[in-house]
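The values are calculated or read from the model by the stated rules, or taken from the named source; none is laboratory data. What you are looking at is a predicted structure, and each value in this text was computed from that prediction instead of being measured. Note: ideal-geometry Cβ built from the backbone for every residue, glycine included; neighbour counts use all protein chains shown. Protein only, heavy atoms only, side chains kept; ligands, DNA and RNA dropped before computing areas. Shrake-Rupley method; radii C 1.70, N 1.55, O 1.52, S 1.80 Å.
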Amino acid sequence: MNKWLKTILFLVGSAFLTRLIPFSSLFRNLDTMIHEFGHAVVTLLLSGSVLRIELYANHSGVTYSAIQAGGRSILVSLAGYTLASLFALLLFYLYAKGREKWGLVLTSGVAFIMLLLYVRGGFGMIWLSGFIVLNILIIIIMGKRLQKFYYLLLAFLTLEESVLGPLFLVTASFLSPTQAGDASNLAQLTPLPAFLWAVLFFLFSLLCAKWALSFFFQPSRDKYSIRKKT
């Protein structure tokens with residue numbers, strides 16, 4: 001079977017199955033968190049300032065920042081969907097290496113930074129706080145099997161959302177080009193239309209998903225660790 005078709009079918013099946021897990025919807029905000037964190041990090045790297053970040057219960061979010069117009073604004077607008085796709089890929093890479101705990105520590109660290117510095121009030125603070133506490137409990141209390149199940153749930157939900165987000169953006173940019181989020185911003189800053197930017201985000205997310213699933217089907221390194229006899 002064609003690898004691209006296999007990737008798409010696996011994502012569709014994963015999106016269906018994960019929706020059967022109770023409360024799984026709450027963890028889909030992880031992708032939103034990374035998306036907005038991407039905007040914030042690139043803003044700071046380009047000498048801009050991040051005013052605040054808002055996360056909403058419907059899995060959307062917004063980053064309010066100030067940065068010089070032009071090329072820097074383009075890079076900031078590119079960062080959200082791009083980093084979200086790369087982060088999903090990273091989670092599966094860590095899984096392939098048997099480093100699930102590192103992934104949980106990393107996601108908790110990002111959540112803590114956002115909670116400490118940028119997110120104020122409302123759903124965002126509640127979600128970030130609960131996510132951090134739950135991760136700490138999973139790391140400290142839960143056994144390796146449950147920890148791996150929880151990690152894979154986060155990884156697959158993040159992967160799904162990293163692809164579904166750009167896909168919805170393609171539809172939004174086609175129906176209402178001026179209200180398509182980052183794609184609309186990029187259309188205002190460049191000669192390319194919002195629809196084309198949305199398609200590019202979607203294709204990049206599929207590429208990252210293909211790589212991520214290749215890591216998933218690799219055996220975890222810790223299964224094959226061999227203790228040297230003395």
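Scanning the range 22-34 for residues that are over 19 Å from residue 116 (Cβ atoms) and either open to solvent by less than 40 Å² (accessible area, probe 1.4 Å) or more than 19 Å from the chain's Cα centre (by Cα) (or both) yields 22, 24, 27, 28, 31.
Would you say residue 115 is more than 17 Å from residue 155 (Cβ to Cβ), open to solvent by 70 Å² or more (accessible area, probe 1.4 Å) and in a helix (DSSP H, G or I)? It is false that residue 115 is more than 17 Å from residue 155 (Cβ to Cβ), open to solvent by 70 Å² or more (accessible area, probe 1.4 Å) and in a helix (DSSP H, G or I). Among the residues of the range 134-170, those that are more than 24 Å from residue 89 (Cα to Cα) and open to solvent by 50 Å² or more (accessible area, probe 1.4 Å) comprise 137, 140, 141, 142. Within the range 134-152, residues that are within 21 Å of residue 216 (Cβ to Cβ) and among the charged types (D, E, K, R) reach partners that are outside any helix (DSSP H, G or I) and open to solvent by less than 100 Å² (accessible area, probe 1.4 Å) with beta carbons closer than 9 Å, at six or more positions or on different chains, in the pairs 148/220. The listed residues are 57, 88, and the only one of them that is surrounded by 16 or more Cβ atoms within 10 Å (Cβ to Cβ), of a type in the set (A, V, I, L, M) and within 26 Å of residue 15 (Cβ to Cβ) turns out to be 88.
Residues in the range 1-21 that are hydrophobic (A, V, I, L, M, F, W, C) and loosely packed, with under 14 Cβ neighbours inside 10 Å: 9 in all. Considering the range 35-44 alone, what residues qualify as being surrounded by fewer than 22 Cβ atoms within 10 Å (Cβ to Cβ) and either in contact with a strand residue (DSSP E or B) (Cβ under 7 Å, 6 or more places away or on another chain) or over 28 Å from residue 76 (Cβ atoms) (or both)? The answer is 44, and nothing else. Give me the pairs, please: first residue somewhere in the range 36-50 and assigned to a helix (DSSP H, G or I), second residue anywhere and surrounded by fewer than 16 Cβ atoms within 10 Å (Cβ to Cβ) and not aliphatic (A, V, I, L, M), beta-carbon distance under 8 Å, and either six or more positions apart or on two chains. Close Cβ pairs satisfying both conditions: 43/49.
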